[in-house]
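> After the C-alpha cells below, expect a handful of questions from me.
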Amino acid sequence: MPTTGSCHCGRISYSLAEDPPTRAMACNCSICRRKGYLHHFTTPARFTLKSSRDDIQVYSFKTHAVRHQFCKTCGCAPFAEGLGSYGEPIIEINLRCVDGLDVGGLEIISYDGASR
Ligand SMILES: [Zn+2]
C-alpha cells in the first residue's frame, strides 16, 4: 500500500512506494528537537514528489549534507534530502506529515544526534 504525505496547506505532497512505517527515529540534534521530526529513511527511487519545487524552501546548515524542505506557505516540513553513510542519496520522511498515520502507535528509536 503506498504511503502519502503532505504539508498542512497541501502545496507539498508526495507518495512513497512502501507501506506506512511502524517505527520512527527521534533525534535530539539542534534542528530535530525544535522541529519535532519523527524520521523514516528511504531511497529516492521510492519517493515521488507530486508538487512543484517552487512551493518549497530549502534550509541546510553546518555540513549542508541534509537539505531540509519546508512549505513556503504553511511552514510544515514533510521531508528532507541528503546523503547516507556511504554517500548514497537518501530521502528522510517526517512521519508527522504522513497522511492518516497514528504517530502515537509508532515504535520510537532514539538517536543521539546532539553528540555527533
Ligand atoms: Zn504548506
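> In segment 26-43, what count of residues is obtained for those that are open to solvent by 60 Å² or more (accessible area, probe 1.4 Å), aromatic (F, W, Y) and assigned to a loop (DSSP other than H, G, I, E, B)?
Selection size over segment 26-43: 0.
> Let me ask another. The conditions are (1) within 15 Å of the ligand (Cβ to nearest atom); (2) touching a Ser or Thr at 6+ places or on another chain (Cβ under 8 Å), and P89 fails exactly one of them. Which is it?
Tallying (1) within 15 Å of the ligand (Cβ to nearest atom); (2) touching a Ser or Thr at 6+ places or on another chain (Cβ under 8 Å), P89 fails exactly one: (1).
> Suppose we filter segment 1-25 for residues that are part of a strand (DSSP E or B) and within 16 Å of the ligand (Cβ to nearest atom); how many remain?
First, pick out the residues of segment 1-25 that are part of a strand (DSSP E or B): 3-6, 13-16, 23-25.
Right, trim to within 16 Å of the ligand (Cβ to nearest atom) and you get 4-6, 13-14.
Residues in segment 1-25 being part of a strand (DSSP E or B) and within 16 Å of the ligand (Cβ to nearest atom): 5 in total.
> When you check H39 against the structure, is it closer than 21 Å to S115 by Cα, within 16 Å of the ligand (Cβ to nearest atom) and of a type outside the set (A, V, I, L, M, F, W, C), yes or no?
no
> Restricting to segment 85-96, and then to whatever is open to solvent by 20 Å² or more (accessible area, probe 1.4 Å) and not in a strand (DSSP E or B), can you tell me which residue is modelled with the highest pLDDT?
Per the stated criteria, the residue is R96.
> Do you know which residues across segment 44-65 are away from the ligand (no atom under 16 Å from the Cβ), surrounded by 14 or more Cβ atoms within 10 Å (Cβ to Cβ) and closer than 18 Å to C97 by Cα?
R46, F47
> Would you pick out the residues in segment 5-53 that are within 16 Å of Q69 (Cβ to Cβ) and polar (S, T, N, Q)?
Residues satisfying the conditions are S6, S13, S15, T42, T48, S51, S52.
> Look through S51, S60 and report the one residue that is touching a strand residue (DSSP E or B) at 6+ places or on another chain (Cβ under 8 Å), among the hydroxyl-bearing types (S, T, Y) and free of Cβ contacts under 8 Å to residues at least 40 places away in the same chain.
Exactly one of S51, S60 is touching a strand residue (DSSP E or B) at 6+ places or on another chain (Cβ under 8 Å), among the hydroxyl-bearing types (S, T, Y) and free of Cβ contacts under 8 Å to residues at least 40 places away in the same chain, namely S60.
> Same structure, new question: Of the conditions (1) within 12 Å of the chain's Cα centre (by Cα); (2) part of a helix (DSSP H, G or I), A80 clears all except one; give me its number.
So A80 meets the others, but not (2).
The values are calculated or read from the model by the stated rules, or taken from the named source; none is laboratory data. Computed from a prediction, not measured in an experiment: that's the story for all the values here. Cβ: placed from backbone, ideal geometry, glycine included. Neighbour counts: every protein chain shown. The protein model used for the area step is the full one, side chains on, heavy atoms only, and it has no ligands, DNA or RNA in it. Shrake-Rupley method; radii C 1.70, N 1.55, O 1.52, S 1.80 Å.
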